[in-house]
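The values are calculated or read from the model by the stated rules, or taken from the named source; none is laboratory data. Since we're looking at a predicted model, the values are computed, not measured. Positions of Cβ are backbone-derived with ideal geometry, glycine not excepted, and every protein chain shown enters the neighbour counts. Keep in mind that these areas ignore ligands, DNA and RNA; they rest on the heavy atoms of the full protein, side chains included. Shrake-Rupley method; radii C 1.70, N 1.55, O 1.52, S 1.80 Å.
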Amino acid sequence: MTVDLMARIRHATRDDWTSGKDKWHGHIDGLSLGTDVTVLFYANDTPGQGPKWHVHPYDEIFILRTGRALYTIGDRKIEAGEGDVLLGPRDVPHKFVNLGPGRLETIDIHLNPTWIQTNLDDPELTAQN
C-alpha cells in the first residue's frame, strides 16, 4: 500500500458519532472520515415513531438492521423489514415509522460529505386537520 493510501485511513469510535440517546443513534459526517458519504444511525423502540417528513439535496440509502418500518418516499409507501435496502432519491421528501413490534434500527447512508436536511410540513398531517 502506498503512503497516500495509508494516510487516508480513518477510525471513528462510537463516542465519535453516538448522540447519547441510544447506542445506535447518531451520525458521522463524511468530512471527518475524509469521504463523500455521511452515515446516520437510527434506532427507536416505539411503534409509530420515526423521522418526520423531510428532504435532502442528495440520494439517501436506507438499510434496515432490525425490525419493520413503513417508509413514505414521495407518494409511495413501502413496508420494509430486516435486511431490506431502499433508495430515497435526491429532492424527494420522505419519512419512516417503526411498525413494531419491538425495536427498529437503521443505517442511513447520505451520499454527501455533510448532513443537509430540510424539514417539511407533512401533507398527510395537513390533510387530517
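The table for this structure:
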read-out	value
Per-region count, segment 51-72, residues outside any loop (DSSP other than H, G, I, E, B) and either in contact with a helix residue (DSSP H, G or I) (Cβ under 9 Å, 6 or more places away or on another chain) or open to solvent by less than 20 Å² (accessible area, probe 1.4 Å) (or both)	7
For ARG65: the one exception among (1) touching an Asp or Glu at 6+ places or on another chain (Cβ under 6 Å); (2) touching a residue at least 60 places away in the same chain (Cβ under 8 Å); (3) not aromatic (Phe, Trp, Tyr)	(2)
Residue satisfying all of: in segment 105-129; of a type in the set (A, V, I, L, M) and closer than 14 Å to TYR58 by Cα; surrounded by the fewest Cβ atoms within 10 Å (Cβ to Cβ) among these	ILE116
Total residues in segment 86-99, condition in contact with a His (Cβ under 7 Å, 6 or more places away or on another chain) and either among the acidic types (Asp, Glu) or loosely packed, with under 15 Cβ neighbours inside 10 Å (or both)	1
Cβ-Cβ under 7 Å pairs, at least 6 apart or on other chains, segment 5-25 side touching a residue at least 24 places away in the same chain (Cβ under 8 Å), far side assigned to a helix (DSSP H, G or I) and surrounded by 10 or more Cβ atoms within 10 Å (Cβ to Cβ)	ARG10/LEU33
Breaking point among (1) farther than 21 Å from ILE116 by Cα; (2) in contact (Cβ under 8 Å) with a residue 12 or more places away in the chain; (3) out of contact with any Asp or Glu (no Cβ under 6 Å at 6 or more places or on another chain); (4) of a type outside the set (Lys, Arg), for ASP29	(1)
Residue that is in contact with a Leu (Cβ under 8 Å, 6 or more places away or on another chain), exposed (fewer than 15 other Cβ atoms within 10 Å of the Cβ), modelled with pLDDT of 95 or more and not in a strand (DSSP E or B), where the choices are GLY102, GLY83, GLY48	GLY83
All positions within segment 18-45 that are among the acidic types (Asp, Glu) and open to solvent by less than 40 Å² (accessible area, probe 1.4 Å)	ASP22
